[in-house]
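Below: one structure, written as structure tokens.
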Amino acid sequence: MDGRGRVFGTAFYSSSSQIALRLLSPKTLPAAAAIQQLIPERVGAAIDYRQRVVAGSDAYRLVFSEADGLPGLIVDRYGAILSLQILTQGMDSPELRHSVLDALVSRLAPAAIIERVDPRIRELEKLPALPTRVAWADGMAIGANAPEARVPALAFCMNGVRFQFDPMAGQKTGAFLDQRENYAAAARYAHGNALDCFCYHGGFALHLARACSSVAGVDSSRAALECAEANARLNGCEIEWIEANAFDLLKDYAAARREYDTVVLDPPAFARNRASVPTALGGYKELNLRALRMLRPNGILVTCSCSHHVSEADLLGVLASAALDAHRTVRILERRGASLDHPAILTIPETAYLKCIIGSVI
Ligand code: SAH
């Protein structure tokens, strides 16, 4: 409540996070039991929403934390497997964990639910360490000790492109699901020879391969590229995978006057906090400048930022400044965000973290 005793609502409190309070409800919830009762309702609403907005994919985000009124809970679906992350002290309570698993199992009857653990986040949130493991498997009672067994790798499909998926490994819960609609959008404009910088498992590259005469993907992680190559085989397409620092590679290619018809820039979050925004903008500028210099007339630039401290206006500003330096005119074709299964809530700007600008370079 505020200083005058006016109720703001009920929130999860964290003793260690920079975000001390995460609002759960504008009402006063009298007891922990009332919070527990919210869980099935909110999980159910989150699932219903995805059924309305997701098409053509059996992998998508089912629950997106604050955006679904469930602060600190992420659930992704990969076919019959659910991958769950718990990121806050509030959501980590045994009762709420039980309610979450119960709601997911009764609504979706998955084959298994994996809990993915980011040790850094548990440490920051002062939560006891946990391994990534099977939290529930078909036939098991909720809360029982999960089997030691690993859930085997499987394949999922988005926009008609197949991806292999190891539920127990990789970044995020396994894929960058937030880019799903942007992959399809990029492929609608892409043509000629394409370069996918920061390609990870090849999300953009595999989609571009359907529209382009040749595609190369660049990433500094060998493990990510091995997975990308396996994905390319799964889809019967030929893509050149290059293990390199994308900054160095773009510099070398620009110096060698290489030319492309399509360039994708999807770097990791450069700005982890507000103080690092100026440096991050410098990084975005360098990448975009080099890409613009290498694009042929009518070339397509797909440029992304997933740092929520960098706004769309910031990214457009950097792109404009790079375009001026490169003496190129950029026609904005689309200004996009994350796929609809990662809903952006108007009053929670942090939920609109992903920006994807598609431009035609004249
Ligand atoms: N475009 C991808 C997601 C990119 S995530 C997709 O849609 O799935 C960012 C990727 O950048 C990671 O795979 C990481 O390994 C890679 N990376 C980080 N720094 C890099 C650098 N300097 N050069 C090349 N790749 C880098």
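Could you give the length gained on full extension between residue 286 and residue 312, defined as 0.36 nm per residue of separation minus the Cα-Cα distance, in nm?
Gain in length upon complete extension: 7.6 nm.
Given the rule -39500 (n - 2.57) for each run of at least 4 DSSP H residues, summed and divided by the residues of the chain, what is its mean residue ellipticity at 222 nm, to the nearest 500 deg cm²/dmol?
-10000 deg cm²/dmol, from helical runs alone.
To one decimal place, what Kirkwood hydrodynamic radius in Å is obtained for the chain from all pairs of distinct Cα atoms?
21.7
Once you have the Cα-Cα distance between residue 269 and residue 335, take 0.36 nm times their residue separation minus that, and quote the gain in nm to one decimal.
21.9 nm
Where does helix 32-53 land angle-wise versus the long Cα axis of the chain, in degrees 0 to 90, nearest 10?
Helix 32-53 and the main axis of the chain meet at about 30 degrees.
Could you run the Karplus curve 6.51 cos²θ - 1.76 cosθ + 1.60 with θ = phi - 60° over the stretch 106-111 and give me ³J(HN,Hα) per residue in whole Hz, x for Gly and Pro?
Ordered by residue, 3J(HN,Hα) equals 6, 7, 10, 6, x, 6 Hz.
What ranking do 187-200, 270-283, 4-17, 222-235 get when scored by the average of other Cβ atoms within 10 Å per residue, highest first?
187-200, 222-235, 270-283, 4-17
Normalised by the number of residues in the stretch 176-361, what is the relative contact order in percent for Cα pairs under 8 Å and 6+ residues apart?
Worked out over the stretch 176-361, it gives 21 percent.
Expressed as an acute angle from 0 to 90° and rounded to the nearest 10, what is the orientation of the C-alpha long axis of helix 277-294 relative to the principal long axis of the chain?
Once rounded, the angle reads 40 degrees.
Expressed as an acute angle from 0 to 90° and rounded to the nearest 10, what is the orientation of the C-alpha long axis of helix 312-326 relative to the principal long axis of the chain?
Helix 312-326 sits at roughly 10 degrees to that axis.
When DSSP assigns beta bridges and you keep just the ones with both residues in the chain, what percent turn out antiparallel, to the nearest 5?
65
To the nearest 20 debye, what charge dipole does the chain have about its Cα centre, counting +1 at the Cβ of each Lys and Arg and -1 at the Cβ of each Asp and Glu?
Its charge dipole is roughly 680 debye.
Quote the relative contact order of the chain in percent (integer), defining contacts as alpha-carbon pairs under 8 Å separated by 6+ residues.
This gives 12 percent for the chain.
Could you grab the relative contact order for the stretch 10-137? Cα pairs under 8 Å, six or more apart, rounded to a whole percent.
22
If I model a spin label at residue 15 and residue 55 as a point 7 Å from the Cα along the Cα→Cβ vector, what separation in nanometres do I get?
Taking the two extended label points, one gets 5.0 nm.
Values quoted throughout were computed directly from the atomic coordinates according to the rules given, and no laboratory measurement underlies them. Bear in mind the structure is a predicted one, so any value in this text is a computation, not a measurement. Note that each Cβ is placed from the backbone with ideal geometry, even for glycine, and that neighbours are counted across all protein chains shown.
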